[in-house]
Amino acid sequence: MAQGVLTDADIANGAAIVRFMEDRGHAITSAFWFYFSDQNWWRLIVATPSAEKGAHPLYLDLLRSGLPIDSVNVAFVAPVYHLVAKLSDAVRVEGLSTVRMSGNYLNGVYVEDALIYRLTKPTAASAAAGS
């Protein structure tokens, strides 16, 4: 991936990661590519209660997936991660979609560019699934 460019392959691989992690039993409450303009870098943010116990097993699962994505471009975070919490307070995207957002302020966060697959508030059921 070029740092400042989100390609069609990146978008397809991001969706494949969400499906793969769910197939491995991880409840994915939110997943989106977010452009960090200060670093000229896209990062796939994947929120799951499983990350509350540590992200190492999640990265091992990602490596086992065989998907052509550099793990440095993926962040597994708990659903309470500040960026996820702020965005999910303002926007909901259910299922597995591809919603592009650019040039928006959402709940005090400037979103220069993002591609959202899913953005939900965690429920008690999803939190229990991460246990």
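The values are calculated or read from the model by the stated rules, or taken from the named source; none is laboratory data. Just so it is clear, the model here is predicted, and its values are computed rather than measured. Cβ atoms come from the backbone with ideal geometry, glycine included; neighbour counts cover every protein chain shown.
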ask   = If you go through the range 57-99 one residue at a time, how many are among the polar types (S, T, N, Q) and in contact with a Leu (Cβ under 8 Å, 6 or more places away or on another chain)?
value = 4
message = As an exercise: evaluate His82 against (1) more than 14 Å from the chain's Cα centre (by Cα); (2) surrounded by fewer than 12 Cβ atoms within 10 Å (Cβ to Cβ) and give the number of the one condition it does not meet.
response = (1)
key: 2 or more residues at pLDDT below 90 and under 24 Å from Lys121 (Cβ atoms): qualifying strands (runs of 3 or more DSSP E) within the range 1-109   = 99-106
remark   = In the range 110-119, anything under 19 Å from Asn13 (Cα atoms) and either in a loop (DSSP other than H, G, I, E, B) or of a type outside the set (A, V, I, L, M, F, W, C) (or both) is listed as Asp113, Tyr117, Arg118
message = Condition check: basic (Lys, Arg) and under 12 Å from the mean Cα position of the chain (by Cα). Does Arg100 satisfy that?
response = no
ask   = Which residue, of Gly103, Gly95, is touching an Asp or Glu at 6+ places or on another chain (Cβ under 9 Å), at positive phi and either surrounded by 13 or more Cβ atoms within 10 Å (Cβ to Cβ) or not basic (Lys, Arg) (or both)?
value = Gly103
